[in-house]
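Report on one structure; see the data block that follows.
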Amino acid sequence: MISRIKAKNILDKLGIAISSICAVHCAVAPILITLAPLIGLGFIFEEKFETTIILVSLGLAFLSLVWGFYKDHKKFEPLFLLLLGACFIYLSRLEAITLPEPLLMTLGGLSIALSHFINMKLCNHCHSCIDHKH
């Protein structure tokens with residue numbers, strides 16, 4: 001059986017991976033957008049694929065970070081970074097914004113990955129204190 005700590009770490013590690021992949025995808029998109037269809041990866045630049053990844057990333061982050069906040073560390077920093085990342089992603093989807101979409105999406109993905117990393121560290125620190133009964 002997976003302990004609560006390990007389950008929490010799995011969620012954060014999965015969140016870091018998905019958010020990082022999203023950030024890399026957005027950073028290299030301008031370069032690879034013409035090559036991807038030639039090697040059968042054109043679908044990764046379709047709107048449905050991108051929207052699915054964004055929703056999975058944000059949903060997983062929300063679940064993991066709220067769980068960490070209420071059950072473990074009570075720190076707002078990871079939630080603030082999630083909100084910042086979500087704002088970057090939202091702004092990237094607006095056509096009125098003059099900043100490049102790949103830049104905003106990359107910042108959004110990196111902010112969310114960082115929120116998971118900080119959440120994982122905070123949760124692990126709290127459990128080590130409980131285990132040692134300080």
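Scanning the range 60-93 for residues that are closer than 16 Å to CYS22 by Cα, over 15 Å from the mean Cα position of the chain (by Cα), surrounded by fewer than 19 Cβ atoms within 10 Å (Cβ to Cβ) and at pLDDT 90 or above yields a count of 1.
Inside the range 2-31, can you point out the residues that are closer than 19 Å to LEU103 by Cα and crowded, with 16+ Cβ neighbours inside 10 Å? Selection gives ILE16, ILE18, SER19, SER20, CYS22, ALA23, HIS25, CYS26, ALA27, ALA29. Only a single item in (1) of a type in the set (S, T, N, Q); (2) surrounded by 15 or more Cβ atoms within 10 Å (Cβ to Cβ); (3) over 11 Å from the mean Cα position of the chain (by Cα) is not met by SER57, and it is number (3).
The values are calculated or read from the model by the stated rules, or taken from the named source; none is laboratory data. The shown structure was predicted, so the numbers you read here are calculated from the model rather than taken from an experiment. No Cβ is skipped: glycine too gets one built from the backbone with ideal geometry, and neighbour counts run over all protein chains shown.
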